[in-house]
Amino acid sequence: MENGRYQEYLDKLVECLETTQTYDENGTACQDYEEAMSKLVELFSDIKKNGKQVFFVGNGGSAAIASHMTADFMKNGGMKTYSLYDTSVTTCMGNDYGYEYVFSRPLEFLANEGDLLVAISSSGNSQNIVNAIQVAKEKNLKILTFSGFQKENRISSAGMLNIHVPIDCYGIVESIHNLILQQIVDMIWERDGNCL
């Protein structure tokens, strides 16, 4: 093993975190991480204050992040979250409507105007995520996207805020998505205290 090879991965992760951009719906980038985090915490704080629900969606590793954040934003953030990962519901939707509708069909039933959809997709091109965003728009939800790989992916400009990690490496993209979401809920927890 070449000396320093393991460190290279960590260095690349830090470099990608430093170059991750947050854009608004007009494509305007935040000036720095502080501004981005301030806007993200404000978005979730408004959802919490108004008693709205948060739906997290993703596939594979992003599904694990979505499920984890569903729990953390509920328990530590004191927010209304709903998991779309119940096995019976997911397999029912996939079987009856097709996998591309496993998130959008439940959102048609469960989501209300002013709720928040957090769409997590490393490639930004998953059809079931795109369909969920379309339903969220139709129902006037707020939308936050997390993507990576190519900047011009299908969801990178679909939200009121859009986080893009500029690398085509699943592990680094997913790690940064998870880190940012974890920091948001930790900031809310530090501000508001234990909510339960």
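The values are calculated or read from the model by the stated rules, or taken from the named source; none is laboratory data. Source: prediction; values computed, not measured. Note: ideal-geometry Cβ built from the backbone for every residue, glycine included; neighbour counts use all protein chains shown.
Do you know which of the residues in the stretch 141-160 that are of a type in the set (A, V, I, L, M, F, W, C) and under 18 Å from residue 65 (Cα atoms) is farthest from the chain's Cα centre (by Cα)?
Step one: list which residues in the stretch 141-160 are of a type in the set (A, V, I, L, M, F, W, C), which gives 141, 143-144, 146, 149, 155, 158, 160.
From what is left, the residues that are under 18 Å from residue 65 (Cα atoms) are 143-144, 146, 149, 155.
Working: 143: 9, 144: 6, 146: 5, 149: 15, 155: 11 Å.
Within the stretch 141-160, the match that is farthest from the chain's Cα centre (by Cα) is 149.
Among the residues of the stretch 87-104, write down those that are of a type outside the set (S, T, N, Q), over 17 Å from residue 64 (Cβ atoms) and in contact (Cβ under 8 Å) with a residue 24 or more places away in the chain.
Across the stretch 87-104, the qualifying residues are 99, 100, 101.
Quick check on the stretch 25-58: of everything there that is in contact with a helix residue (DSSP H, G or I) (Cβ under 8 Å, 6 or more places away or on another chain) and among the β-branched types (Val, Ile, Thr), which residue is surrounded by the most Cβ atoms within 10 Å (Cβ to Cβ)?
Only one residue tops the list, namely 57.
If only one of 90, 81, 22 is β-branched (Val, Ile, Thr), surrounded by 12 or more Cβ atoms within 10 Å (Cβ to Cβ) and in contact with a Ser or Thr (Cβ under 9 Å, 6 or more places away or on another chain), which one is it?
Only one candidate passes the filter, namely 81.
Determine, yes or no, whether residue 62 is in contact with a His (Cβ under 9 Å, 6 or more places away or on another chain) and of a type in the set (Ser, Thr, Tyr).
Taking the combined requirement at face value, the residue satisfies it.
Only residues in the stretch 116-133 that are at positive phi count as the first member; pair them with residues that are buried (at least 24 other Cβ atoms within 10 Å of the Cβ), Cβ under 6 angstrom, at least 6 apart or cross-chain, and list the lot.
From the stretch 116-133, the pairs are 124/147.
Is there a residue being modelled with pLDDT under 95, outside any helix (DSSP H, G or I) and more than 17 Å from residue 35 (Cα to Cα) anywhere in the stretch 145-157?
yes
Inside the stretch 107-137, can you point out the residues that are part of a helix (DSSP H, G or I) and either among the aliphatic types (A, V, I, L, M) or within 16 Å of residue 85 (Cβ to Cβ) (or both)?
Initial filter on the stretch 107-137 (part of a helix (DSSP H, G or I)): 107-110, 127-137.
Hits for the stretch 107-137 are 107, 109, 110, 128, 129, 130, 132, 133, 135, 136.
Any chance you could count how many residues in the stretch 118-132 are in contact with a Ser or Thr (Cβ under 9 Å, 6 or more places away or on another chain) and surrounded by fewer than 24 Cβ atoms within 10 Å (Cβ to Cβ)?
Counting residues in the stretch 118-132 that are in contact with a Ser or Thr (Cβ under 9 Å, 6 or more places away or on another chain) and surrounded by fewer than 24 Cβ atoms within 10 Å (Cβ to Cβ) gives 5.
Of the conditions (1) in contact with a helix residue (DSSP H, G or I) (Cβ under 9 Å, 6 or more places away or on another chain); (2) at pLDDT 95 or above; (3) on the phi < 0 side of the Ramachandran plot, residue 78 satisfies every one except a single condition; which number is it?
With respect to (1) in contact with a helix residue (DSSP H, G or I) (Cβ under 9 Å, 6 or more places away or on another chain); (2) at pLDDT 95 or above; (3) on the phi < 0 side of the Ramachandran plot, residue 78 is out only on (3).
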